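*Asks:* The structure under discussion is supplied below as structure tokens; questions concerning it will follow.
The values are calculated or read from the model by the stated rules, or taken from the named source; none is laboratory data. A quick note: this is a predicted structure, and the numbers were derived from the prediction, not measured. Here the Cβ is made from the backbone with ideal geometry for all residues, glycine too, and neighbour counts use every protein chain on show.
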């Protein structure tokens, strides 16, 4: 099934949102924030455990030195934001869009992702170890050297994305379409790749990686 055909529920965000800045909302453990828009600002050195964020838009916001462990984010949109190296360990994320964002080294270890779309994002070295992802699309993204090991995938789509050097160890890729992706090699065993979908050109890449010799037809 194509990532274009899967039903991804979009964020349910009201048209009227309250302008907010981090100084207005000094984030704290267990805090609840809703119906807000953050624009042209920075989120620096924030640390909050089990933050609850509902119906929010982040536009041109840069995160620095921020840790939101076990946060729950529902109905959120990130546009042109920089979340590089943010700690989102064990995040619960439902109905979210990341558009043209920098996600380099973002840590989503043990996260739960539902109805999430990443479009034109740079997520090299991102960490998604042990994440549970259902109805998730990466469209025209870069995930080079990302750690996607031990993930549980359902309705998970990688479309025209760079996954060169990404680690998929212990992640079952059955039914996952890699045919439009760019890579010279990925970290995966034959068992991980069983019943995944690849292009003819990629078959030769895997053959080389597994030490196989492809004999030209006579």
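*Asks:* With respect to residue 114, is the statement that it is in contact with a strand residue (DSSP E or B) (Cβ under 7 Å, 6 or more places away or on another chain) and either within 22 Å of residue 167 (Cα to Cα) or at pLDDT 95 or above (or both) true?
*Replies:* yes
*Asks:* Additional query: Quick one: residue 186 ticks every box in (1) farther than 27 Å from residue 69 by Cβ; (2) surrounded by fewer than 17 Cβ atoms within 10 Å (Cβ to Cβ) bar one, so which box is it?
*Replies:* (2)
*Asks:* Hey, among 108, 128, which residue is under 19 Å from residue 53 (Cα atoms), crowded, with 23+ Cβ neighbours inside 10 Å and out of contact with any strand residue (DSSP E or B) (no Cβ under 6 Å at 6 or more places or on another chain)?
*Replies:* 108
*Asks:* Further question on the same structure: Return the residues of region 124-154 that are part of a strand (DSSP E or B) and either modelled with pLDDT under 95 or more than 20 Å from residue 99 (Cβ to Cβ) (or both); say none if nothing qualifies.
*Replies:* Scanning region 124-154 gives 127, 132, 134, 147, 152, 153, 154.
*Asks:* List, please: which pairs have Cβ atoms under 9 Å, are six or more places apart or on different chains, and start with a residue in region 105-118 that is free of Cβ contacts under 8 Å to residues at least 40 places away in the same chain and on the phi > 0 side of the Ramachandran plot and end with one that is crowded, with 18+ Cβ neighbours inside 10 Å and outside any loop (DSSP other than H, G, I, E, B)?
*Replies:* 105/127
*Asks:* Which one of these is more than 17 Å from residue 142 (Cβ to Cβ) and surrounded by fewer than 17 Cβ atoms within 10 Å (Cβ to Cβ): 45, 100, 115?
*Replies:* None of the other options fit; the residue is 45.
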